[in-house]
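One structure below.
The values are calculated or read from the model by the stated rules, or taken from the named source; none is laboratory data. Keep in mind that this is a model prediction, so the values were computed, not measured. We place every Cβ from the backbone using ideal geometry, glycine too, and count neighbours over all the protein chains shown. Side chains included, ligands, DNA and RNA excluded: accessible areas come from the protein's heavy atoms. Shrake-Rupley method; radii C 1.70, N 1.55, O 1.52, S 1.80 Å.
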Amino acid sequence: MFAGIEVKDKVFIVSLMDNNRYVKGIFKFYKEGLLWFLDHYNPEIIAVNYDFGVSSKLSLTNKAYSNLYKDIIETFEYRQVDKKSFREKEKRIFKSNVEEFWKKIIHKDILPAETPEGLEQRLYNLPKSGIKLNKKLLSQDKRFIGKELDAVVLSFAAYSFYNNRFETIEHEGGIWIIPRYTYVSKKEREEESSQNPV
């Protein structure tokens, strides 16, 4: 299983994807629940958004969560991906940038995820990359849906890294792993769905 972790305020949103690009679940946790989840589900690869742990404007929240990336590495013995270790695929964690992926699959201005139009734009374009998401997994709370979709993209980044279908972007803090976008036609998506019903 491949995990993508996004954060909204004090809540960590986890998407789990299998090797057939099916999103198997989307979960929400506080920090302790997230650590319990990782201990019990033990995903092969974890991708987090580049500003993981510091996206909240509350300074107390920043202090409480800014070290979670390091905590995951130390507690669960995940190893951070660097340029020298792309071939190693066991127990890896890395940072990605979901905005870079949205730019690849949405070929016009990306509308804010907080708006109905922005959510529709993301939901419409996501399947074109081959991601299989049952919309019933998404929250009824519209405040979380955009971040849940970001978590799905992050789990796809973990899948893409494992399957060597990724690109890297260098930045001042190191590298981001971004899924390589390959358009999957509607016909191909329908054929895959009929062969592998959810």
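Of all the residues that make up the stretch 69-97, how many are in contact with a strand residue (DSSP E or B) (Cβ under 9 Å, 6 or more places away or on another chain) and surrounded by 13 or more Cβ atoms within 10 Å (Cβ to Cβ)?
Number of matching residues: 17.
Restricting attention to the stretch 18-38, which residues are part of a helix (DSSP H, G or I) and surrounded by 13 or more Cβ atoms within 10 Å (Cβ to Cβ)?
Initially, the stretch 18-38 is screened for residues part of a helix (DSSP H, G or I), giving 31-38.
Passing the criteria: LYS31, GLY33, LEU34, LEU35, PHE37, LEU38.
Among the conditions (1) touching a Pro at 6+ places or on another chain (Cβ under 9 Å); (2) open to solvent by 30 Å² or more (accessible area, probe 1.4 Å); (3) touching a residue at least 24 places away in the same chain (Cβ under 8 Å); (4) not aliphatic (A, V, I, L, M), the only one that GLY173 does not satisfy is (1).
Within the stretch 98-129, count every residue that is open to solvent by less than 10 Å² (accessible area, probe 1.4 Å) and either out of contact with any helix residue (DSSP H, G or I) (no Cβ under 6 Å at 6 or more places or on another chain) or without any contact (Cβ under 8 Å) to a residue 24 or more places away in the chain (or both). Here the count works out to 4.
Mind checking whether some residue in the stretch 148-159 is open to solvent by 30 Å² or more (accessible area, probe 1.4 Å), under 27 Å from LYS91 (Cα atoms) and assigned to a helix (DSSP H, G or I)? Taking every residue of the stretch 148-159 in turn, none turns out to be open to solvent by 30 Å² or more (accessible area, probe 1.4 Å), under 27 Å from LYS91 (Cα atoms) and assigned to a helix (DSSP H, G or I). Of the residues making up the stretch 176-189, just one is open to solvent by 30 Å² or more (accessible area, probe 1.4 Å) and part of a strand (DSSP E or B), namely TRP176.
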